[in-house]
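Accompanying notes for the structure given below.
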Amino acid sequence: MIAKLVILFCLTLSATAAERTPPQRFSRAVIHTEQADQTLLAVTLDSAVYAASAADFRDLRLTDQNGVETPYLLQKIAEQKAVARRLPSTGKIVSLNRTGENGIELIVALDKTAAGADGLSIVTAQRDYEYGLHVFGSADGKTWQPLVDNGRIFDYSRYAQIGNNDIELPANNYRQFKLVVAQASQTRSSGLTELTRTMQNGSEQERSESIELRNEPLHIDRIEFWQKLTETLADAAQRFDYPVAFKISQDVELKASVIDIDSKRLPLIGFSVQSFSPNFNRRAEVQIDESHGLETRTRTLGLGYLQALHFQGFNRDQNTIEFAETRREHYRILIYNEDNPPLHINSVAGIGHGYRLLFLAQAGHNYQLGYGVDKAEAPNYDIAPIQELLRRGYQSSSAELGEAIALAQPEPEFDWAGWVNSRWFLGLAIASVALVLAWSLFKIGKRIGDFE
């Protein structure tokens, strides 16, 4: 019963402490150019935010001048890439006329609601062909301006899967187009060969071969217009080089160089170690210390080899050790030298990602970013509108963070949660439970002795 009461008391203290969320310690103004309408703003986080914010950024809060919380999307800064895609622009064939001995002329008009045309595709089921065509554009169907001179469509599938049915158009605002094919048919072999032999006295005197040819016209199933749309999309997460403070020592027992690193909780995915030593191949690992109850354990984040080889024009360097993204105050790199002399380390840099907050800023509103609470509850925002704007290719405007302002903190109260989770309390709880169990066993033993 006593043990149960002790455990219940501990749980009550933890629950009571969890209900009180400490206030944020820092606030920074969001500096941006005022707009007459709402704007999609992007605020890039910096080293000051990384150093003081929670490990998973759950404490970040955007508020306006009225203290109203503003939803945001936390996003890794990514490389940008241009992606071109085609949007269909519907149209139909208005007329087809023959020109000359073997030519055709097609008039094609875009639908009233269709977007402008940046190109067209000739859709045909034919194979093994090559045609040249001219394209003209018109706004009224009477005056025609040349757009493409001798464009080519072809299919070489007899030899390889190579073909092209697309004709790109220069920038234009025309709604009607004329396609002229001067030679709209091609002469092709039927695949049959007629063989004629002249015989005399049982021997062949003459032989002739003739190949049957046929005229195959171009058959157009339909003409598809399209508009080109170029979007700038996020690619792979961008990598940044972060300066870190480091100190080097030698562990004689491990035969290793020890590099202790202070990173100020940057979002790191690796370290770059530069050495003046010319040729080497050393095993290395990145470690962190983690507290588990009453003990501190060392955990390995990443393993790798640091290498350098420079000989007669051959150069190879491998100076990075990577690991899953982590935000920690301190790291340790062990470089195992074995019986070799220690490497001459000249610099150590962090490799990591960057983050930014995207949010919809209302016209005439000012915003502040608050942070600095390790035990805050993670927000659950409605970010679907922001994601939809990004999907549609809307570009964000950059905003900056002002100077950090330390917010007034309430009078410190006794940290029940910290005390409950401390080594002292855990040791006391274990000792109390052990004493209760020992007393219980003593009482049971005494009762057993009385019965005897």
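The values are calculated or read from the model by the stated rules, or taken from the named source; none is laboratory data. Owing to the predicted nature of the structure, the values given are computational and were not obtained by experimental measurement. Cβ placement follows ideal geometry from the backbone for every residue including glycine, while neighbour counts extend to all protein chains displayed. Note: accessible area is taken over every heavy atom of the protein model, side chains too, but ligands, DNA and RNA are not part of it. Shrake-Rupley method; radii C 1.70, N 1.55, O 1.52, S 1.80 Å.
Using the Cβ of Gly91 as centre and a radius below 10 Å, the other residues enclosed give a net charge of +1, where K and R count +1 and D and E count -1. Calculated accessible area for the chain comes out at 62 Å² per residue, all protein chains present (probe 1.4 Å; ligands, DNA, RNA ignored). Students often get this wrong, so try it: which of (i) 52.7; (ii) 22.3; (iii) 24.7 is mean projected area of the Cα convex hull in nm² as calculated from the structure shown? Label of the calculated value: (i). Solvent-accessible surface (1.4 Å probe) assigned to Glu388 amounts to roughly 70 Å².
Report the FRET efficiency, 1/(1 + (r/R0)^6), for Leu74 and Thr298, where r is their Cβ-Cβ distance and R0 is 30 Å, rounded to 0.05.
On the way: r = 30 Å, r/R0 = 1.02.
Efficiency, from the Cβ-Cβ distance: 0.50.
Per DSSP helix of 4 or more residues, -39500 (n - 2.57); summed, then divided by the residues of the chain. What does that give at 222 nm, rounded to the nearest 500? Rounded to the nearest 500, the figure is -4500 deg cm²/dmol.
Taking 25 Å as R0, compute the FRET efficiency from the Cβ-Cβ separation of Glu168 and Asn215 and round it to 0.05.
Numbers: r = 30 Å, r/R0 = 1.20.
FRET efficiency, Glu168 to Asn215: 0.25.
Largest to smallest in accessible area, the residues Asp118, Asp140, Asp64, Asp149 fall in the order Asp149, Asp140, Asp118, Asp64 (1.4 Å probe, all protein chains included). The listed residues Arg98, Arg332 rank as Arg98, Arg332 when sorted by accessible area, largest first, using a 1.4 Å probe.
Computed from phi, the 3J(HN,Hα) profile of the range 243-255 under the Karplus parametrisation 6.51, -1.76, 1.60 (θ = phi - 60°) reads x, 9, 8, 9, 9, 10, 9, 10, 9, 5, 5, 7, 6 Hz, with x in place of Gly and Pro.
Ligands, DNA and RNA left out, the 1.4 Å accessible surface of the chain is 52% carbon and sulfur atoms.
Span-like helix criteria (full DSSP H runs; alpha carbon extent of at least 18 Å along the helix axis; mean Kyte-Doolittle hydropathy of at least 1.6) are satisfied in the chain by 2-19.
Each Cα pair under 8 Å and six or more residues apart adds its separation to the average, and for the range 254-398 the resulting relative contact order is 33 percent.
Ordered from highest to lowest accessible area with the whole protein assembly present and a 1.4 Å probe, His365, His344 read as His344, His365.
Each Cα pair under 8 Å and six or more residues apart adds its sequence gap; the mean of these over the residue count of the chain is a relative contact order of 28 percent. With 20 Å as the limit on Cα-Cα distance, the pairs of Lys76/Lys228; Lys81/Lys264; Lys76/Lys375; Lys92/Lys178; Lys76/Lys247; Lys142/Lys228 that go past it are Lys76/Lys228; Lys81/Lys264; Lys76/Lys375; Lys76/Lys247; Lys142/Lys228. Summing charges over all other residues whose Cβ lies under 14 Å from the Cβ of Asp262, with Lys and Arg as +1 and Asp and Glu as -1, gives +3.
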